[in-house]
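The values are calculated or read from the model by the stated rules, or taken from the named source; none is laboratory data. Note that this is a predicted model, so its numbers are computed, not measured. Glycine gets a Cβ as well: all are built from the backbone with ideal geometry, and neighbour counts include every protein chain shown. The accessibility values were calculated without ligands, DNA or RNA, using every heavy atom of the protein model including side chains. Shrake-Rupley method; radii C 1.70, N 1.55, O 1.52, S 1.80 Å.
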Amino acid sequence: MLKRVNFVTIPVKDQSRALAFYTEKVGLRVFTDQTMGPMRWIELKVPGAETMVVLFHTPNHKPGDGPDAQPAIAFIADDVKATYDALRAKGVEFTQPPKKEHWGEHAMFKDSEGNLILFAKG
């Protein structure tokens, strides 16, 4: 029987640039950064979570754009506004500032590779 999600992948063109973005700006921690044959395997840990985030090298990655673009991943934050303020202060580019919907409060930013990343109040 399935028990939990081990990791999710975020496609990235430049793993070093993405690693710096996710550790220095978003606050994730390196769990594994090693070579596996010809590839580099980078797993990041979200403080307090079990599921890992893998920065998966995708040389021809072109993130979705426009009104139909979907987030690559969605995180939970204790305080959407405070998280938004902290990330903006670090230079993170937001595509949507905090917004309240009938289902909850959320915001969305672009990572270093152009992926949309959503976070909502948990």
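Please determine whether any residue of the stretch 43-65 is at positive phi and modelled with pLDDT of 95 or more.
Filtering the stretch 43-65 for residues at positive phi gives 48.
Cutting the leftovers down to modelled with pLDDT of 95 or more gives us none.
So far as the stretch 43-65 goes, no, none of its residues is at positive phi and modelled with pLDDT of 95 or more.
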Requested in this report: Considering every residue within the stretch 87-104, establish whether at least one is in a loop (DSSP other than H, G, I, E, B), at pLDDT 95 or above and open to solvent by 50 Å² or more (accessible area, probe 1.4 Å).
Outcome: yes
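Out of the stretch 105-122, which residues are of a type in the set (Lys, Arg) and either under 14 Å from LEU87 (Cα atoms) or open to solvent by less than 20 Å² (accessible area, probe 1.4 Å) (or both)?
Filtering the stretch 105-122 down to residues of a type in the set (Lys, Arg) leaves 110, 121.
Result: LYS110, single match.
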Query raised in the report: Restricting the stretch 8-46 to residues that are part of a strand (DSSP E or B) and in contact with an Asp or Glu (Cβ under 6 Å, 6 or more places away or on another chain), which is nearest to ASP111 (Cα to Cα)?
Result: VAL12
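Here are ALA69, ALA77: which of them is farther than 14 Å from LEU28 by Cβ, surrounded by 13 or more Cβ atoms within 10 Å (Cβ to Cβ) and touching a strand residue (DSSP E or B) at 6+ places or on another chain (Cβ under 6 Å)? Can you show your working first?
Values: ALA77 fails: farther than 14 Å from LEU28 by Cβ.
From the options ALA69, ALA77, the qualifying one is ALA69.
Quick check: is even one residue across the stretch 56-70 assigned to a strand (DSSP E or B), within 15 Å of the chain's Cα centre (by Cα) and under 15 Å from ASN115 (Cβ atoms)? Spell out the reasoning first.
Of the stretch 56-70, the ones assigned to a strand (DSSP E or B) are 56-57.
The next check asks that each one be within 15 Å of the chain's Cα centre (by Cα); those that pass are 56-57.
Adding the requirement that they be under 15 Å from ASN115 (Cβ atoms) leaves 56-57.
For the stretch 56-70, residues assigned to a strand (DSSP E or B), within 15 Å of the chain's Cα centre (by Cα) and under 15 Å from ASN115 (Cβ atoms): present.
Could you tell me which of the residues VAL12, VAL46, VAL26, VAL53 is open to solvent by less than 80 Å² (accessible area, probe 1.4 Å), in contact with a Gly (Cβ under 9 Å, 6 or more places away or on another chain), of a type in the set (A, V, I, L, M) and touching a residue at least 12 places away in the same chain (Cβ under 8 Å)? First the steps, then the outcome.
Numbers: VAL12 fails: in contact with a Gly (Cβ under 9 Å, 6 or more places away or on another chain); VAL26 fails: in contact with a Gly (Cβ under 9 Å, 6 or more places away or on another chain); VAL53 fails: in contact with a Gly (Cβ under 9 Å, 6 or more places away or on another chain).
Matching residue, one of VAL12, VAL46, VAL26, VAL53: VAL46.
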Query raised in the report: Is it the case that the stretch 73-81 has a residue that's in a helix (DSSP H, G or I) and farther than 21 Å from ASP14 by Cα?
Result: yes
